[in-house]
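The numbers here are math on the coordinates, done by the rules we state, and not lab data. Note that the structure is predicted; figures quoted are calculated from it, not measured. As a convention, Cβ positions derive from the backbone with ideal geometry for all residues, glycine included, and neighbour counts pool all protein chains shown.
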Amino acid sequence: MIVDYSDQIEEMEKYNVQDVLLLEKVYYKLLPWINNHPNVAIYKGSNVCPTCGGTSLQRRGWAYTGLGKYQRFQCNTCGAWHRSQKSEKLEEHLTKDKNG
Ligand SMILES: [Zn+2]
């Protein structure tokens, strides 16, 4: 006896297609909160969002470390925050710290 599963297969195919499209939307929604996501800027070049590759970045203050000050950015596409890898001049940073 041969069972015809063509209806079920067709239904599963329809489900799988919409499931993949839905999952893609969820992925982009959660992208800013994925801390260990691969750095997209490596493939897309500099001046792009490392999270999504978007080019619309807004300067949003500074990030300070023990060795320097870095421009902070927020991506207008995905909302993720990151900072420049290039430090402002260290001397300027140290001078500002001494003078307040
Ligand atoms: Zn982004």
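If you take every residue apart from ARG72 with its C-beta less than 14 Å away from the C-beta of ARG72, what net charge results, scoring Lys and Arg +1 and Asp and Glu -1? Taking every other residue near ARG72 into account, the sum is +4. Provide the FRET efficiency to the nearest 0.05 for the SER87-TYR28 pair, computing r from the beta carbons and using R0 = 22 Å. Efficiency, rounded to the nearest 0.05: 0.10.
In this simple spin-label approximation, THR55 and VAL3 carry label points 7 Å from Cα along the Cα→Cβ vector, and these lie 5.5 nm apart.
Length gained on full extension, ASN36 to GLU10, computed as 0.36 nm times the residue gap minus the Cα-Cα distance: 5.7 nm. Close amide H contacts of LEU57 (hydrogens built in the peptide plane, cut-off under 5 Å, sequence separation of 5 or more or a different chain): ASN76.
Rounded to the nearest whole Hz, the Karplus-based 3J(HN,Hα) values (6.51 cos²θ - 1.76 cosθ + 1.60, θ = phi - 60°) of the range 60-77 follow the sequence 9, x, 10, 10, 10, 10, x, 10, x, 10, 10, 5, 9, 10, 10, 6, 6, 7, with x at glycine and proline.
Under 5 Å between amide hydrogens, built in the peptide plane, is the criterion, and for LYS69 it picks out GLU88 among residues at least 5 positions away or on other chains.
Relative to the longest principal axis of the C-alpha atoms of the chain, give the angle of the C-alpha long axis of helix 6-30, reported between 0 and 90° and rounded to the nearest 10°. Taking Cα atoms only, the helix is inclined about 10 degrees.
Which of the peptides 15-26, 66-77, 32-43 is most tightly packed, and how do the rest follow, judged by the mean count of other Cβ atoms within 10 Å per residue? Before the final figure, lay out each step's value.
Values: 15-26: 9.7, 66-77: 15.7, 32-43: 11.7.
Ranked by mean Cβ neighbours within 10 Å, highest first: 66-77, 32-43, 15-26.
Kirkwood hydrodynamic radius of the chain, from the reciprocal of the average inverse Cα-Cα distance over all distinct pairs: 17.0 Å.
Relative to the Cα centre, the charge distribution of the range 11-99, modelled as +1 at Lys and Arg Cβ and -1 at Asp and Glu Cβ, gives a dipole magnitude of about 500 debye.
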